[in-house]
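A quick write-up on the structure given underneath.
Just so it is clear, none of the values below were taken in a lab; they were calculated from the coordinates. This is a predicted model, so every value here is computed, not measured. Backbone-built Cβ (ideal geometry, glycine too); neighbour counts: all protein chains shown.
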Protein chains: 2
Amino acid sequence: MIVTFVHVWVKPDNINDFILASTENHQSSIEEAGNLRFDLLQDANDPAKFVIYEAYESDAAAAAHKETAHYNKWRATVADWMAKPRIGEKHIIIAPTEKSQW
Amino acid sequence: MIVTFVHVWVKPDNINDFILASTENHQSSIEEAGNLRFDLLQDANDPAKFVIYEAYESDAAAAAHKETAHYNKWRATVADWMAKPRIGEKHIIIAPTEKSQW
């Protein structure tokens, strides 16, 4: 299992657009076979800063996400709304260790 | 519902100690009535950097965590192992919106 934090900085005029497009992407992503979580979070102190908390059962499952139609639609849709490039931070899961707890 | 990322920088000699103490704290924290998640994560590129991903059903539930015996034991236990002060980042949850999905 692996967790990636995807940090996203959105242009202020596109915050609502980003929330709508990303909620749609969330709904499709949690249906992927290898997905464990796909939480969409907004920084409480900066409404233009978001984090997507992506947990997958393997590196292969995380890579497969980027081949899906919904990911590629989202990527193209949000491209012009980015204030700067996204940053992904990979993490090793210490706890919980049971897949059923994800 | 609210999510806080707690960023933790540990002295290199205390990484294993921190993992043991924090896994014990994880086990007790997920039993709290208002807790939704308490994921313990290690940066894939820096074994001395951790994130605790804490989701609570309310600000009150998050505050109550800091009154528990297990939190205060953990806090005292890890105090000398910190390389620098912890940073907490509060986040608003956009998705999933259903408590049952947490």
TODO: Please report how far the C-alpha centroid of the stretch A:1-75 lies from that of the stretch B:28-63, rounded to the nearest whole angstrom.
DONE: 19
Open item on the list: Compute the helix-to-body angle for A:15-29: its Cα long axis versus the longest principal axis of chain A, expressed 0 to 90° and rounded to tens.
Closed with: 20
TODO: List A:His65, A:His70 from most exposed to least, where exposure is judged by having the fewest other Cβ atoms within 10 Å.
DONE: A:His70, A:His65
TODO: Report the normalised scattering of the stretch B:2-97 as log10 I(q)/I(0) at q = 0.13 Å⁻¹, calculated by the Debye formula with identical scatterers on the alpha carbons.
DONE: -0.43
Open item on the list: If a paramagnetic tag sat 7 Å from the Cα of A:Glu57 along the Cα-Cβ line, which residues of the stretch A:1-36 would have the backbone N under 13 Å from that point?
Closed with: A:1-2, A:31-36
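Report the net charge of residues surrounding B:Gln42, where surrounding means a beta-carbon distance below 13 angstrom and charges are Lys +1, Arg +1, Asp -1, Glu -1. Could the numbers behind the result be given before it?
Working: positive: A:Lys90, B:Lys49; negative: A:Glu89, B:Asp39, B:Asp43, B:Asp46.
Every neighbour counted, the sum reads -2.
Roughly how many debye, to the nearest 20, is the charge dipole of chain B about its Cα centre, given +1 on each Lys and Arg Cβ, -1 on each Asp and Glu Cβ, and no other charges?
Working: 10 positive and 15 negative charges, 46 e Å.
Value, rounded to 20: 220 debye.
Once you keep just the Cα pairs under 8 angstrom separated by 6 or more residues, what percentage relative contact order results for chain B?
Numbers: 162 pairs, mean separation 44.7, N = 102.
Worked out over chain B, it gives 44 percent.
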Task: Where the Cα pairs of the protein assembly as shown fall when distances are cut into 5 Å bins, in % - done: 1, 7, 15, 20, 19, 17, 11, 6, 3, 0
Task: Residue order, fewest to most beta carbons within 10 Å, for A:Thr97, A:Thr77 - done: A:Thr97, A:Thr77
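What's the exposure ranking of A:Lys90, B:Lys84, going from fewest to most Cβ atoms within 10 Å?
Numbers: A:Lys90 15, B:Lys84 10.
Going from sparsest to densest Cβ surroundings: B:Lys84, A:Lys90.
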Open item on the list: Which residue in A is nearest the A/B rotation axis when you measure from the C-beta atom, and what is the distance in Å?
Closed with: A:Tyr53, 3
TODO: Quick one: of A:Lys90/B:Lys90; A:Lys49/A:Lys84; A:Lys90/B:Lys99; A:Lys11/B:Lys49; A:Lys66/A:Lys90; B:Lys73/B:Lys99, which pairs are farther than 22 Å apart, Cα to Cα?
DONE: A:Lys90/B:Lys99; A:Lys11/B:Lys49; B:Lys73/B:Lys99
Open item on the list: Assume the label is 7 Å from Cα along Cα to beta carbon: what separations in nm does A:His70 have to the matching positions in the other copies?
Closed with: 3.2
